[in-house]
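The values are calculated or read from the model by the stated rules, or taken from the named source; none is laboratory data. Everything numeric in this text was worked out from a predicted model, so none of it was measured. Don't worry about glycine lacking a Cβ; one is built from the backbone with ideal geometry, like all the others, and counts go over all protein chains shown.
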């Protein structure tokens, strides 16, 4: 990979020239569809480019050119009127390839994954070809896919529980697909996966284990959930479905799906115990970057090109040089007409501030505007007194321009969220209630876990009914009466069955109780993000409590 990037520096100029020639041939063919020789020359030019890039071992560029040649070869030379889309995408691909080569040269290493989206667009136009996954270039040994490191507890679940767990996974998945809210959806999906890990055959349980790790990374914001990755989690549901009908199902696990999930765990940033466990069990090789770096590279590739940013940086340097010269004259009282020089300097600083604001560089923009305001206060007697502040602002901007030139000018856009129109006090009260309710549910779940681990010591449950009653009161205040009813029935079950009657529930009953509490926890989290799955998740929690003998009465 490093060899390709370093060798690129020697041939980039020739490659750029060849790319321009091929693009010119395609444009001429668009204007003269009966001249098939132009298309043939373009194909030959693409083949020469592929040979050069293959020689210097740029894998992503080589794959893209393979797809471009295949698509261009499929276009009829004398009947190309119906292939405008294909010709347009070929021209766009040439542009993106040139940007990729500039990016690779600038960074000193290749990230072939950056060219997969455009390669897949070409494959789509060829028809009938499956898109390449983002793990296409990941060096994972095939023998690792056969490993089955997860060893479950072999718990038996009835058909009703299996169906409810699948519904739990689907509710979380629906939130994930609609709202981009992994923090709300992942706990519910992971709960279902963790129950399946102990109840399904080893092959399916192992898939659930790896999926759980990928969702853990998404929940902790270590992975960006692109549309392709969301569809990946939807495929999990279809893979698990045959096993839910019969524990002895002979369904096979898609190795491509497993490979993609392992790639996601490999690129997730460090910090997740579940991800680290999967990495260790499968001896996953380091891809050389994490997901944050990959998404950052995609954004940089979509931004202005190197030549554009170099021209902009040169223009900014020229203007700042003129500003510095004028500052020097003012500092030495050699500017002639002080008032005119002061006005010229103020206008130049204001103009530069607007330019940096357009480039989404607020620190430099604010500094230059403050300097312009300082210049407006100057007079012939006190010019030197405010000179340092202005000079510092100009030097800071100049340093940022140098950095922008080297990094192709990429800056992360600043987004602002719209505040609701409700009073601040009410909004704060809602936030406090959500947080307290979530804390109360978390406390109850920990108490149930401690009860189980201590050999059914009921002392761990003494405070749970009170905590759940507090949560119920908060839900009533928030207008979530059905959720409050579910919490009340869960509290009644713990108080009456487990504390007063001293009954020891079996493992399945405790799991049903934990599922109900997890469902309400998910409901609270998703309600803050306007999720549309509230009715489903509440119905699922109510079904679980009904199974325990505490049905929810409709008001």
Original post:
Can you find a residue in the stretch 26-43 that is surrounded by fewer than 20 Cβ atoms within 10 Å (Cβ to Cβ) and within 28 Å of residue 134 (Cβ to Cβ)?
Top reply: no
**OP:** Hey, can you tell me all the residues within the stretch 425-451 that are more than 33 Å from the chain's Cα centre (by Cα), surrounded by 15 or more Cβ atoms within 10 Å (Cβ to Cβ) and either free of Cβ contacts under 8 Å to residues at least 60 places away in the same chain or not assigned by TED's automatic domain parsing to the domain that holds residue 501 (or both)?
**Re:** 447, 451
Original post:
Do we find that residue 265 is over 29 Å from residue 434 (Cα atoms) and under 17 Å from the mean Cα position of the chain (by Cα) in this structure?
Top reply: yes
Subject >> First in the stretch 108-130 and modelled with pLDDT of 90 or more, second anywhere and assigned to a loop (DSSP other than H, G, I, E, B) and surrounded by fewer than 16 Cβ atoms within 10 Å (Cβ to Cβ), Cβ under 6 Å, 6 or more apart >> reply: 120/131; 123/129
Subject >> Filtered residue count, the stretch 454-466, keeping only those that are touching a helix residue (DSSP H, G or I) at 6+ places or on another chain (Cβ under 9 Å) and either crowded, with 18+ Cβ neighbours inside 10 Å or without any contact (Cβ under 8 Å) to a residue 12 or more places away in the chain (or both) >> reply: 7
**OP:** Kindly check whether there is at least one residue in the stretch 109-120 that is touching a helix residue (DSSP H, G or I) at 6+ places or on another chain (Cβ under 7 Å), farther than 22 Å from residue 203 by Cβ and not assigned by TED's automatic domain parsing to the domain that holds residue 47.
**Re:** no
**OP:** Select, from 160, 166, the only residue that is under 26 Å from the mean Cα position of the chain (by Cα) and in the same structural domain as residue 288 (by TED's automatic domain parsing).
**Re:** 166
